[in-house]
Amino acid sequence: MSFTVKALTWHPHIEPVRIEDATPEQLAAMQVTPSNTKVSPYVRTLVHDPESYVARTKLYNQIMYGKGGLENVYRELGALVASAVNGCNYCASVHARRHIQLAGGSDIVRALYTTGLDADLDPKTRVIVDFCRVLSQTPSAATPQQAQALRDHGFSKDEIADLIQSAAIFAWANRLMHTLGHSTRQD
């Protein structure tokens, strides 16, 4: 994998909405963003259609930050694997950093970035990576045996559903980012 944990800059192909020019609907939609910092160019690009932006963001927030269910460290790993499979450097770097923060260390990310998705990982991490990889490559190729392997490692049906959703939302989000713009390294 040729990914980085360093922050990247995303450049939209269309002009993002300028905050000072935003309509009341666009301003209200941007309040749904989970970040309490600046409103990114990505958000300002998506908010050209405030109604779909709000629907997308509420769904994203529930999948990635919902209370209960799968631990966020595993949701981030699912997002990282999906982003790696889909070749989205920007999302992979964001979710690698979040995974490192939540895991309290970089061993898994370092192994994935050094060796790739076939890296030598502990058995629990391996079944997560393999499952999210197949979901991202060809969703219909996921097997009952893979779901059973997750259950064998202590994941409930609801937690497996959360993992599926984290990989699935990035199957969509990565393609949306690629369509709307591109990322570069910050220097």
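No value in this document is a laboratory result; all are computed from the given coordinates. Note that the coordinates shown come from a computational prediction; the quantities given were computed from them, not determined experimentally. A quick note on method: Cβ atoms are made from the backbone with ideal geometry, for glycine too, and the neighbour counts reach across all protein chains shown.
The residues on offer are Asp130, Asp107, Asp122, and the sole one that is without any contact (Cβ under 8 Å) to a residue 12 or more places away in the chain, over 15 Å from Val5 (Cβ atoms) and either out of contact with any strand residue (DSSP E or B) (no Cβ under 7 Å at 6 or more places or on another chain) or polar (S, T, N, Q) (or both) is Asp122. Beta carbons closer than 6 Å, at least 6 apart along the sequence or on distinct chains, pair a first residue in region 75-104 that is in contact (Cβ under 8 Å) with a residue 40 or more places away in the chain and within 18 Å of Leu180 (Cα to Cα) with a second that is of a type in the set (Gly, Ala, Ser) and surrounded by fewer than 24 Cβ atoms within 10 Å (Cβ to Cβ) for Asn89/Ser183; Tyr90/Ser183. Out of all the residues in region 1-30, which are surrounded by 13 or more Cβ atoms within 10 Å (Cβ to Cβ), without any contact (Cβ under 8 Å) to a residue 60 or more places away in the chain, not aliphatic (A, V, I, L, M) and not in a helix (DSSP H, G or I)? Within region 1-30, just Pro16 meets the criteria.
Within region 144-182, the set of residues being without any contact (Cβ under 8 Å) to a residue 60 or more places away in the chain and in a loop (DSSP other than H, G, I, E, B) comprises His153, Gly154, Ser156.
Based on what the data block shows, is Tyr53 within 30 Å of Thr114 (Cα to Cα) and either surrounded by 13 or more Cβ atoms within 10 Å (Cβ to Cβ) or basic (Lys, Arg) (or both)? It is false that Tyr53 is within 30 Å of Thr114 (Cα to Cα) and either surrounded by 13 or more Cβ atoms within 10 Å (Cβ to Cβ) or basic (Lys, Arg) (or both).
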